Amino acid sequence: MEWSKIKNIILLILLGLNLFLLIMVVSQELQAHQFRQEARAEAVALLKRNGITVDPDQLPADTSLPTQVLEEDEAATDTLAQALLGEETVQQSSGVRAVYTSPLGEMEAFSTGRFAVDFTAEAQPLKNAAPEEHAADLLQRAGIQAEYLDSSTAEGGTQLTYRQRWSDTPVFNTQIVLTYENGALRHVEGVLLPASDGVSRQEETVTVATLLVRFLSQRNESGRMFSQIQSLVPGYHLSGTRPFTLTPAWYVTTDTGTYLLSALDGSLL
């Protein structure tokens, strides 16, 4: 037999083998998808039998966010202080606490990531801007990626609450609150995420179906009452110790309140 014919036969065999493997992979993926859909349907039915409704069409896909390990970033704190207090800022540090002062006010920053700023009355005037516009511009200049959550008014002042994001993903427990009084920004406090890149670590996360079942079990054990799950949003939870760790989490909104659940095991955070 000529070598060219033998070569063609070998190529046909390899092509057939690759096609067979492709069919096997697609078949396994279809079976896994069907299993996930069946598990979701069973979880929704279980919640319904326990008096909890959830729209199966609104359930998100299972999350695959990696855990992120972040190192403390003093440069990010310095950048924040200069953005808020100007170039004339003076720093004093005692290890776990740093104090920044300038003619515009004072800022305290802690090793846990928490910070608080008090401004003088003339430091951050609104002029003709709305508080939301002023806050968005200030956070952008400070290099903070954040999304607006809500506002409230009390004792003549307005408080705006923002939530930080990491690579466009919400970090649910890193809120920043800005307080405006008498036409000026007077106070800012919150948690500052390190600006440096994190080290990714892929960990196994529970499926949405498993999360729903464990959430039901927690409700039954704790006595907390709700009758509807309105949304599930994937994101991160920031640890309060160094090295800082962003762990995958789910933000669950119900008709009576919100809950933060670990995406690693479904536990309440």
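Site pair Glu132 and Ala116 shows an inter-label distance of 2.8 nm when each label is modelled 7 Å from Cα along Cα→Cβ. Here r is the Cβ-Cβ distance between Thr253 and Val96 and R0 is 30 Å; the resulting FRET efficiency, rounded to 0.05, is 0.25. Across the chain, the mean sequence separation of Cα contacts (distance under 8 Å, 6 or more residues apart), normalised by length, yields a relative contact order of 21 percent.
Based on alpha carbons, the Rg and Dmax found for the chain are 25.7, 95 Å.
Scaled to the globular estimate 2.2 N^0.38 Å, the Cα spread of the range 72-191, given as radius of gyration, is 1.02.
In a simple Cβ point-charge model (Lys, Arg +1; Asp, Glu -1; nothing else charged), the chain has a dipole of about 1120 debye relative to its Cα centre. Calculated FRET efficiency, Leu260 and Thr161, Cβ-Cβ r, R0 22 Å, to nearest 0.05? Efficiency at R0 = 22 Å is approximately 0.90. Considering only GluC sites (Glu not before Pro) in DSSP loops that have at most 15 other Cβ atoms within 10 Å, the longest stretch of the chain without any of them is 3-70. The angle between the Cα long axis of helix 74-85 and the main principal axis of the chain comes to about 50°, on a 0 to 90 degree scale. In percent, what relative contact order does the range 72-191 have, based on Cα pairs under 8 Å that are 6 or more apart in sequence? It comes to 21 percent, rounded to a whole number. Projected label points at Glu88 and Glu204, each 7 Å from Cα along the beta carbon direction, are separated by 6.0 nanometres. Would the range 95-146 count as rounded, prolate or oblate if I go by the C-alpha gyration tensor, calling it rounded below 1.5 in a/c and otherwise prolate when a/b exceeds b/c, oblate otherwise? Verdict is oblate for the range 95-146.
Taken together, the values in this text are just the output of simple stated rules run on the coordinates, not laboratory data. Since the model is a prediction, treat every value here as computed from it, not as a measurement. Positions of Cβ are generated from backbone atoms using ideal geometry, with glycine treated the same way; all protein chains shown enter the neighbour counts.
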